[in-house]
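Note sheet for the following structure.
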Amino acid sequence: MKTNYFAHETAVIDEPCIIGEGTRIWHFSHIMKNCEIGKDCNIGQNVVVSPEVILGMNVKIQNNVSIYTGVICEDDVFLGPSCVFTNVTNPRSGVNRRGQYEKTTVKKGASIGANSTIVCGHDIGRYAFIGAGAVVTKTVPDYALVVGNPAKQIGWMSEFGHRLNFNEEGKATCPESGEVYSLNEGKVEKV
């Protein structure tokens, strides 16, 4: 059967799955049943995508990432090497909690740094930037820059991934794109 995506010969893809055109799945990755993967995604080496995970278009997943049931990544999300999601708040080997998975949505354009952990039930806002090694234990606002364990917000990021420095009027300009952002009552919006 001809596919419109690339899968390395060592990748395992369970049926049924929906995989978009132009997507690339690399060495030793496992895509489990009932996943939906959008167009033009890149799934690195040794990635696990658990059942019913949804990935939008142009999602980039680096090596050794685990994405568990309950996670949705919108378009243009970046998942750094060895980051991981959880889906149960209080796991126990002797207690079956299947069907109690909590949802986590990573919104459009967000980046999650290498070795980060996203604790379930906490959404990541649009274009948010999670620093390497962060442990996210609460919801992250749009455009927020968070770092540390537990992750704390230390600033704001542009859609091009540059730190925003707001002036007295609450305006900041991305040095790469020239786009202007406003900060008002703790929320950032592109003008």
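Of all residues being more than 16 Å from LYS60 (Cβ to Cβ) and of a type outside the set (A, V, I, L, M, F, W, C) in region 108-125, which is surrounded by the fewest Cβ atoms within 10 Å (Cβ to Cβ)? Just the residue, please.
ASN115
Please state which of the following conditions GLU102 fails to meet, knowing it meets all the rest: (1) assigned by TED's automatic domain parsing to the domain that holds LEU55; (2) without any contact (Cβ under 8 Å) to a residue 24 or more places away in the chain.
Result: GLU102 passes all but (2).
Being surrounded by fewer than 21 Cβ atoms within 10 Å (Cβ to Cβ) and of a type in the set (S, T, N, Q) is the filter here, so list the residues in region 91-107 that pass it.
SER93, ASN96, GLN100, THR105
Restricting to region 1-28, give me the number of residues that are touching a strand residue (DSSP E or B) at 6+ places or on another chain (Cβ under 8 Å) and closer than 14 Å to VAL59 by Cβ.
8
Check ALA132 against each of (1) surrounded by fewer than 15 Cβ atoms within 10 Å (Cβ to Cβ); (2) over 16 Å from the mean Cα position of the chain (by Cα); (3) under 25 Å from VAL88 (Cα atoms) and name the one condition it does not meet.
(2)
Would you be able to say whether some residue in region 68-89 is in a loop (DSSP other than H, G, I, E, B), surrounded by fewer than 17 Cβ atoms within 10 Å (Cβ to Cβ) and over 12 Å from the mean Cα position of the chain (by Cα)?
Yes, because at least one residue in region 68-89 is in a loop (DSSP other than H, G, I, E, B), surrounded by fewer than 17 Cβ atoms within 10 Å (Cβ to Cβ) and over 12 Å from the mean Cα position of the chain (by Cα).
The values are calculated or read from the model by the stated rules, or taken from the named source; none is laboratory data. Computed from a predicted structure; not experimentally measured. Positions of Cβ are backbone-derived with ideal geometry, glycine not excepted, and every protein chain shown enters the neighbour counts.
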